[in-house]
């Protein structure tokens, strides 16, 4: 896998794990273009199988799915998008503090005017990993992967079990595939 393709794919995945807006369809297309560069046969095959479904998923469908998965549903929140939930089974736990401290040690200060929620949201963590890779802060990227992203596989399984659309399972599986690859490689 090419490092540039990896950090771009992670950036698009991060964006797609925020509340969907009109740019979501463009980001799906951009991610789709990068999948072959990732040189991961499972991701390529999965994306090709789901490509037709992407074309039928409208913005309102994505918004409904996002709310159902990450905000609220009849049974509560299906797939809580915060690391502290998966690591400690509670929100705003020690993991939240640890990841915010890690961001700061890497020279990244959260702007409360821009970042409205907890710093351990999946989109923020994956976006930060993308930025570390883009800036070639490889030691910090390894630390992020090994110390703060072990929960992502369980989160992805939850998405696969609860999602009605194809987008979120593919996005989270792409993230899992990339993290698995990066763990095996020397950065």
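The values are calculated or read from the model by the stated rules, or taken from the named source; none is laboratory data. No experiment lies behind these values; they were computed from the predicted model shown. Heads up, the Cβs are rebuilt from the backbone with ideal geometry, glycines too, and the neighbour counts pull from every protein chain shown.
Only one entry in 101, 146, 142 is in a helix (DSSP H, G or I), under 25 Å from residue 185 (Cβ atoms) and either over 16 Å from the mean Cα position of the chain (by Cα) or at pLDDT below 90 (or both), namely 142. Please determine whether any residue of the stretch 109-120 is under 21 Å from residue 183 (Cα atoms), in contact (Cβ under 8 Å) with a residue 60 or more places away in the chain, under 16 Å from the mean Cα position of the chain (by Cα) and not in a helix (DSSP H, G or I). No - not one qualifying residue is present in the stretch 109-120. Applying the criterion of at least 1 residues that are at pLDDT 75 or above to the helices (runs of 4 or more DSSP H) found wholly in the stretch 24-85 leaves 24-38, 59-66.
Which residue is surrounded by the fewest Cβ atoms within 10 Å (Cβ to Cβ), if the candidates are limited to the stretch 149-175 and must be over 13 Å from the mean Cα position of the chain (by Cα) and more than 23 Å from residue 93 (Cβ to Cβ)? The qualifying residue surrounded by the fewest Cβ atoms within 10 Å (Cβ to Cβ) is 161.
Would you confirm, using the coordinates I've provided, whether residue 133 is surrounded by 21 or more Cβ atoms within 10 Å (Cβ to Cβ) and within 22 Å of residue 93 (Cβ to Cβ)? No, not satisfied.
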